[in-house]
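The values are calculated or read from the model by the stated rules, or taken from the named source; none is laboratory data. Fair warning: this is a prediction, and the values are worked out from it, not measured in the lab. Ideal geometry is used to build each Cβ from the backbone, glycine not excepted, and the neighbour counts take in all protein chains shown. Accessible surface areas use protein heavy atoms only, side chains included; no ligands, DNA or RNA. Shrake-Rupley method; radii C 1.70, N 1.55, O 1.52, S 1.80 Å.
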Amino acid sequence: MDVAFIIETIAKIVVILLIFSALAGLGTYFERKVLAFMQRRLGPMHVGPYGLLQVAADGIKLFTKEDIVPQNVVKPIFKIAPVITAATAFMASAAIPFWPQFTAFGYTVHPIVADINVGILYVLGIMAIGLYGPLLGGMASANKWSLISAARSAAIFISYEVITGLALLAPLMMVGSLSLIDINNYQAGGITHWIVWSQPVAFVLFWIAAFAETGRTPFHLVANDHEIIDGFGTEYSGMRWGMFFIGEYANMFFISFVISIVFLGGFGDGTIAGAVQLLLKVSFFFFFFLWTRAAWPDIRPDQLMWLCWKVLMPIAVLNVVATGIVMMF
Amino acid sequence: MHHEEVFTDRNVNESSAYYYVDIENYPTTGWDKFKQVVKRTFSGELFVGLWVVMREMIKFDIHTVQYPMEKLPIGPRYRAVHKLLRLWESGYERCIGCGLCEKICISDCIRMDTRIDENSRKEVTEYSINLGRCIFCGYCAEVCPELAIVHGQRYENASEQRAHFVIKDDMLTPLDMLKAGQQAEYPGFGAIIPGSDESVKKTPLAY
Ligand code: SF4
Ligand code: SF4
């Protein structure tokens, strides 16, 4: 392993960290604005032009707030839980190709930290570890709301993770590789080669599971404000709470990348046009997360589990079986 | 379904706007539950919701009032912090010290002091309202025969002291404001009805 490779990798990691931390902040801005417009409000308006500096104001607030560790919490676990959420979200991004490879100053850059051959498996696995953030944070908080939230996150996790895996299985059978770059190149032939046309059911299932994965409305059960206050975040303050937040928003971006790459052709043939298309697709999926939050109600945890186990899982299994039969003949 | 409520008739009868919402019985058997889920899944209601919020976003019909910069108009009869008015022509205080407001105030929060001045005219030396007790009922303004104590339109009452609004010097229209014509006549409780000038007979001043 030569020095140049190490330096390049570190540079990529830093860039990804900076960009997605900033995007997580901007994401909150867009979320507030989009929700406001959909509800005939204006959203943040006072900090900076059109409230653009609200993100900075929030950042300053979160960073300078007192870091309160309540008396009866299990202190080491309470302190480490937010780090798990934020860290796993960013670790998952290591195997995601954000942009086709390009040449700058005679140096070819691969905008992916590690093109490992089990890419998608790694991404989903690490994202799944992110569950320990809410789970441990909620259990260590010595707060009943947090405890309920932790219980819910565990119950929901088992439910949607089955759907995610089974839904992805069918496209992966067709591609024959777990690397996200291979999956992307499989669809490089243009819009007709997108996996969404051959696997529409898997696409919808994975999309639904993505809502559960990121904990967004209509599956916003883990921190459902009107039932369990802020769930696992109730006892957190300042930057610890902010890390949960960054993790959640970074997760939304990363899962949007995964959906776009696996089902909607990713960056296509790797030209600039394809790369811009990828960003547009990601923006759409991110916007859809906000859109549903304005339009849809939340469902109960038992309804979510019912949906996952009794409806989506059979469909996913049938989809895998059907794909297998079609591929055999 | 858009439904205008008839506010004058709140009784439930045939002609009123109340109506019963059709609620089907909950499904009991598994098969019925399944059918309900299928019906709801494919009826597209979720997409109606998406469409409605998207439509509002595109119409961009914002209802927000950006408060410190924009303010909604308040009704003329709004009862905010009190004011003492002056006579338009002479600039004298309207209050004749009759004490009716002090008497009628149900919270007993008006306190005043009077004396007979050099011209044998009753002068109000102290006049204050304890805003901590005032319930803004408007009786003082209604009972005042001179339209001297009225309710202003000033509802932003941030100050270091409650007393800052309601000692006599704060309530009384300053003379320069009166000269600039900035004293607003009060159209609310107990004010003169519009067109009352015509119905008043002139008293001859000189015999
Ligand atoms: S508004 Fe009512 S309570 Fe207040 S000073 Fe006048 S009479 Fe008293
Ligand atoms: S009722 Fe009017 S005139 Fe009489 S004391 Fe009160 S403010 Fe003055």
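Averaged per residue, what accessible area in Å² does chain B show with a 1.4 Å probe, protein chains only?
Working: 15880 Å² over 207 residues.
Here the residues of chain B average 77 Å² of exposed surface.
Starting from the stretch B:74-155, pick out the chymotrypsin sites (Phe, Trp or Tyr not before Pro) whose DSSP state is loop and whose Cβ has at most 12 other Cβ atoms within 10 Å.
Those that pass, being in a loop and sparsely packed, are B:Trp88, B:Tyr92, B:Tyr155.
Could you state the angle between the C-alpha long axis of helix B:30-42 and the longest principal axis of the C-alpha atoms of chain B, as a value from 0 to 90 degrees rounded to the nearest 10?
Taking Cα atoms only, the helix is inclined about 60 degrees.
What's the angle, to the nearest 10 degrees (0 to 90), between helix B:45-59's Cα axis and the longest principal axis of chain B?
Here the helix axis deviates by roughly 40 degrees.
Subtract the Cα-Cα distance of A:Val204 and A:Ala188 from 0.36 nm times their separation in residues, and report this length gain in nm to one decimal.
Numbers: separation 16, 0.36 × 16 = 5.76 nm, distance 2.13 nm.
Residue separation times 0.36 nm, minus the Cα-Cα distance, leaves 3.6 nm.
Strictly greater than 16 Å: what percent of every Cα pair in the stretch A:223-266 meets that?
Working: 499 of 946 pairs.
Of all Cα-Cα pairs in the stretch A:223-266, 53 percent lie more than 16 Å apart.
Counting only protein heavy atoms, what percent of the accessible surface of the stretch B:82-183 is carbon or sulfur at a 1.4 Å probe? All intermediate terms of the calculation are to be shown ahead of the outcome.
Details: 2930 of 6170 Å².
Answer for the stretch B:82-183 is 48 percent, counting heavy atoms of protein chains only.
Once the Cβ-Cβ distance between B:Asn130 and B:Asp176 is put in as r, and R0 is 41 Å, what FRET efficiency do you end up with, to the nearest 0.05? It would help to have the intermediate numbers written out before the result.
Numbers: r = 28 Å, r/R0 = 0.69.
That gives a FRET efficiency of 0.90.
In chain A, what is the count of Lys pairs whose alpha carbons are under 21 Å apart, counting only pairs at least 8 residues apart or on separate chains? Present the calculation step by step, with values, prior to reporting the outcome.
Details: A:Lys33/A:Lys61; A:Lys33/A:Lys281; A:Lys61/A:Lys79; A:Lys65/A:Lys75; A:Lys65/A:Lys79; A:Lys75/A:Lys144; A:Lys79/A:Lys144.
Taking the Cα cut-off of 21 Å, the pair count is 7.
Which residues of the stretch B:32-57 bury at least 40 Å² of accessible area once all protein chains are present, versus their chain alone (1.4 Å probe)?
Residues meeting the cut-off: B:Val37, B:Leu46, B:Leu50, B:Val53, B:Met54, B:Glu56, B:Met57.
What residues does the stretch A:32-49 have that are buried by at least 50 Å² of accessible area in the full protein assembly compared to the chain on its own, 1.4 angstrom probe?
A:Phe37, A:Met38, A:Arg40, A:Leu42
For the protein assembly as shown, what log10 I(q)/I(0) values come out of the Debye formula at q = 0.06, 0.08, 0.09, 0.12 1/Å, with one point per alpha carbon and no solvent?
-0.51, -0.74, -0.83, -1.17
At a probe radius of 1.4 Å, figure out the A/B buried accessible area, summed over both chains, and give it in Å² to the nearest 100. Walk me through the intermediate numbers first.
Numbers: alone 15750 and 16700 Å², together 30840 Å².
Interface between A and B: roughly 1600 Å².
In chain A, which whole DSSP H runs stretch at least 27 Å along their own axis (Cα) and average 0.0 or higher on the Kyte-Doolittle scale? Walk me through the intermediate numbers first.
On the way: long enough: A:3-38 (51 Å, 1.70); A:144-175 (46 Å, 1.34); A:238-263 (38 Å, 1.32); A:272-295 (34 Å, 1.56).
Long hydrophobic helices here: A:3-38, A:144-175, A:238-263, A:272-295.
Loop-only chymotrypsin sites (Phe, Trp or Tyr not before Pro) in the stretch A:64-133, please: DSSP not H, G, I, E or B, and at most 14 other Cβ atoms within 10 Å. Please list the in-between numbers first.
Details: sites: A:Phe78, A:Phe90, A:Phe98, A:Phe102, A:Phe105, A:Tyr107, A:Tyr122, A:Tyr132; in loops: A:Phe98, A:Phe105.
Sparse-neighbourhood loop chymotrypsin sites (Phe, Trp or Tyr not before Pro): A:Phe105.
I want to check the label-to-label distance for B:Asn25 and A:Lys310. Put each point 7 Å from Cα in the C-beta direction and report it in nm to one decimal.
Taking the two extended label points, one gets 1.9 nm.
Residues of the stretch A:227-241 with the amide nitrogen closer than 15 Å to a label point 7 Å from the Cα of A:Val69, along Cα-to-Cβ, please.
Output list for this probe position: A:236-241.
How much accessible area per residue does chain A have, in Å², with a 1.4 Å probe? Let's see the in-between values first.
Details: 14960 Å² over 329 residues.
On a per-residue basis, chain A sits at 45 Å².
Rounded to the nearest 500 deg cm²/dmol, what is the calculated helix-only ellipticity per residue at 222 nm for chain B, with -39500 (n - 2.57) per DSSP H run of length n ≥ 4? Spell out each step's value before the answer.
Working: 6 runs with 47 residues, N = 207.
Taken over chain B, the calculation gives -6000 deg cm²/dmol.
Pull up the cross-link candidates among the aspartates and glutamates for B:Lys71, meaning alpha carbon to alpha carbon under 17 Å and not fewer than 8 places away within one chain.
Cross-link targets: B:Glu156.
Can you pull the three principal axis extents for the Cα set of the stretch A:46-183, in Å, largest first?
For the stretch A:46-183, the Cα spread along each principal axis is 52, 43, 29 Å.
So if R0 is 45 Å, what FRET efficiency would B:Met69 and A:Ile299 give, r being the distance between their Cβ atoms, rounded to the nearest 0.05?
Working: r = 40 Å, r/R0 = 0.90.
Step by step, r from the Cβ atoms, then E = 0.65.
Restricting to bridges with both residues inside the protein assembly as shown, how much of the DSSP beta-bridge set is antiparallel, in percent to the nearest 5? Each step should come with its number before you reach the end.
On the way: 15 of 16 bridges.
That works out to approximately 95 percent antiparallel.
What FRET efficiency comes out for B:Asp108 versus B:Ile192 if R0 is 25 angstrom and r is the Cβ-Cβ distance? Round to the nearest 0.05. Before the final figure, lay out the partial values.
Values: r = 28 Å, r/R0 = 1.11.
That gives a FRET efficiency of 0.35.
For the stretch A:60-88 and the stretch A:146-160, what is the separation of their C-alpha centers, rounded to whole Å?
So the separation of the two Cα centres works out to 20 Å.
Checking buried surface per residue: for the stretch A:295-326, which residues lose a minimum of 30 Å² accessible area in the protein assembly relative to the chain alone (1.4 Å probe)?
Residues meeting the cut-off: A:Ala295, A:Trp296, A:Trp306.
To the nearest 20 Debye, how big is the dipole of the stretch A:203-329 about its Cα centre, given +1 on the beta carbon of each Lys and Arg and -1 on that of each Asp and Glu?
Values: 6 positive and 9 negative charges, 58 e Å.
So the dipole magnitude of the stretch A:203-329 works out to roughly 280 debye.
Based on DSSP H runs of at least 4 residues, each adding -39500 (n - 2.57), what is the mean residue ellipticity at 222 nm of chain A after dividing by all its residues, to the nearest 500 deg cm²/dmol?
-22000 deg cm²/dmol
Name the residue from A:Met38, A:Ser146, A:Pro76 whose Cα lies farthest towards the positive end of the charge dipole of chain A, charges +1 on Cβ of Lys and Arg and -1 on Cβ of Asp and Glu.
A:Met38
Pull out a ≥ b ≥ c, the square roots of the eigenvalues of the alpha-carbon gyration tensor of the stretch A:4-84, then state rounded if a/c is under 1.5, prolate if not and a/b is larger than b/c, and oblate in the remaining case.
oblate
Rg to Rh ratio, chain B, alpha-carbon atoms and Kirkwood radius? Present the calculation step by step, with values, prior to reporting the outcome.
Working: Rg = 29.1 Å, Rh = 23.2 Å.
Taking Rh as the inverse mean 1/r over Cα pairs, Rg/Rh reads 1.26.
Which whole-number percent of Cα pairs in the stretch B:82-183 have a distance greater than 22 Å?
Details: 1423 of 5151 pairs.
The proportion of pairs with Cα distances above 22 Å equals 28 percent.
Can you list, bin by bin at 5 Å, the percent of alpha carbon pairs in the stretch A:94-160, starting at 0?
For the stretch A:94-160, the binned pair fractions read 3, 16, 16, 14, 11, 11, 10, 8, 6, 4, 2, 0 percent.
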